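Structure first, commentary second.
The values are calculated or read from the model by the stated rules, or taken from the named source; none is laboratory data. Predicted model, so just to flag it, every value in this text is computed and none were measured. FYI the Cβ positions are ideal-geometry reconstructions off the backbone, even for glycines, and counts take in every protein chain you see. We work out accessible area using only protein heavy atoms, side chains counted, and drop any ligands, DNA or RNA first. Shrake-Rupley method; radii C 1.70, N 1.55, O 1.52, S 1.80 Å.
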Amino acid sequence: MIYSRIAGTGSYLPARILTNAELEKMVDTSDEWIRARTGIERRHIAADGETTVDLAEHAARRAIEAAGLKPEDIDFIAFGTTTPDLVFPNCGVLLQKRLGCLGVPAFSVETACAGFMYALSIADKYVRCGEAKRALVVGAETLSRMTDWEDRGTAILFADGAGAVVLEPSATPGILSTHLHADGRYNEMLYCAGGVSTGFGAKLAIKMSGKEVFKVAVQKLGSVVDETLAANGLERSAIDWLVPHQANIRIVQATADKLGLPMERVIVTVQDHGNTSAASVPLALDIGIRDGRIKRGELLLLEAFGGGFTWGSALIRY
Ligand code: COA
């Protein structure tokens with residue numbers, strides 16, 4: 001039996017930091033309100049001309065180096081993003097060209113904040129069946145490009161960043177299971193109108209019914225956590241670390257409560273980079289690994305929830 005395991009992780013945040021104090025000057029809000037309702041203190045914004053693939057390249061090179069590999073060793077690229085550089089070629093291919101691993105499969109997955117979970121699940125299957133040996137899985141976004149900076153309900157939340165992992169085959173897990181879901185009935189609660197087929201209109205802007213999204217996110221993440229534990233015959237106490245989607249500290253707390261985990265066992269980075277959508281889970285994972293909290297052999301539960309709605313989880317022996 002072949003499993004996939006995480007060989008290395010990497011992440012990248014653009015240099016420009018946008019603080020809550022600066023947002024106070026842009027919309028009718030306050031640092032106190034943002035911290036209390038979301039946990040966010042600052043976020044990073046891509047420079048003019050800096051793209052999703054630019055951010056992804058930094059994260060990918062760091063993950064490849066951490067895995068002890070060279071970019072040309074990568075033989076599969078799965079790229080989660082909802083803010084691609086171009087309509088086509090996809091971001092996976094644009095990244096492939098820069099890394100120089102020419103000829104290998106490269107594609108992007110467009111499942112909003114669950115993009116990394118979907119990309120990870122696909123890459124895991126390819127490694128398990130022996131068709132990929134060094135799979136690069138990326139989550140990267142420049143959400144600032146479709147944020148309505150006049151809408152205080154969303155401008156305070158979304159931001160830019162990238163995270164990546166390299167998967168390699170292993171005789172022991174590794175990734176124990178992944179669980180993906182989508183429910184299109186909720187598409188109007190969180191979306192960005194505009195596309196090739198419908199037309200781009202005047203202004204790309206994320207639209208969100210915050211309160212409703214919050215409720216469904218807590219419910220769906222709670223149930224995917226139960227599903228993940230049940231699929232592996234595990235008790236809640238088996239989990240060493242929750243590595244959640246960094247959308248809102250209150251959603252994170254609700255999932256931690258569901259698992260009976262104290263917040264000291266949860267990787268929380270939302271204060272530093274806001275909601276970076278597909279980038280948020282691999283970013284948090286990389287930060288938790290590099291600062292020494294997450295150690296080899298520990299059991300990690302990753303989860304994310306996003307527009308669609310789409311959501312998913314992964315149980316990983318790191
Ligand atoms: N600053 C100050 N006040 C704000 C505000 C802001 N940025 N945004 C909204 N408010 C006001 C509202 O207008 C409302 O005022 P009112 O009571 O006078 O009508 C009040 O604050 C409460 O608004 P409400 O929307 O009920 O707040 P909330 O506690 O639900 O928090 C969110 C709003 C957006 C932070 C919260 O709903 C949320 O995080 N939802 C999930 C969003 C998310 O994670 N999306 C991505 C999923 S991948």
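Numbers for the structure displayed
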read-out	value
Residue in segment 33-41 that is away from the ligand (no atom under 13 Å from the Cβ), assigned to a strand (DSSP E or B) and at pLDDT 95 or above present	no
Residues of segment 198-252 satisfying the condition of being at pLDDT 95 or above, among the β-branched types (Val, Ile, Thr) and either at positive phi or away from the ligand (no atom under 11 Å from the Cβ) (or both)	Val224, Val225, Thr228, Ile239, Val243
Hits in segment 1-27 (condition: farther than 29 Å from Gly292 by Cα and of a type in the set (A, V, I, L, M))	Met1, Ala21, Leu23, Met26, Val27
Filter result for Leu23 (within 16 Å of the ligand (Cβ to nearest atom) and either of a type in the set (Lys, Arg) or open to solvent by less than 10 Å² (accessible area, probe 1.4 Å) (or both))	yes
Asp124 being touching a helix residue (DSSP H, G or I) at 6+ places or on another chain (Cβ under 9 Å) and open to solvent by less than 10 Å² (accessible area, probe 1.4 Å)	no
Pair list, Cβ under 9 Å, 6 or more apart: segment 77-92 residue farther than 13 Å from Ser277 by Cβ and among the acidic types (Asp, Glu), other residue at pLDDT below 95 and in a loop (DSSP other than H, G, I, E, B)	none
Output for segment 302-316, where each listed residue is small (Gly, Ala, Ser), under 17 Å from Asn248 (Cβ atoms) and over 12 Å from the mean Cα position of the chain (by Cα)	Gly307
Leading residue by the ranking (farthest from Asp124 (Cα to Cα)) among those in segment 69-91 that are open to solvent by less than 10 Å² (accessible area, probe 1.4 Å) and among the hydrophobic types (A, V, I, L, M, F, W, C)	Cys91
Count of residues meeting criterion [under 17 Å from Leu143 (Cβ atoms) and either assigned to a loop (DSSP other than H, G, I, E, B) or open to solvent by less than 50 Å² (accessible area, probe 1.4 Å) (or both)] in segment 1-18	6
Residue in segment 59-66 that is touching a Lys or Arg at 6+ places or on another chain (Cβ under 8 Å) and open to solvent by 50 Å² or more (accessible area, probe 1.4 Å) present	no
Selection count, segment 122-169, where residues are outside any helix (DSSP H, G or I), farther than 23 Å from Gly49 by Cα, more than 16 Å from the ligand (Cβ to nearest atom) and not small (Gly, Ala, Ser)	11
Within segment 92-110, considering residues that are open to solvent by less than 20 Å² (accessible area, probe 1.4 Å) and under 16 Å from the mean Cα position of the chain (by Cα), the one nearest to the ligand (Cβ to nearest atom)	Val109
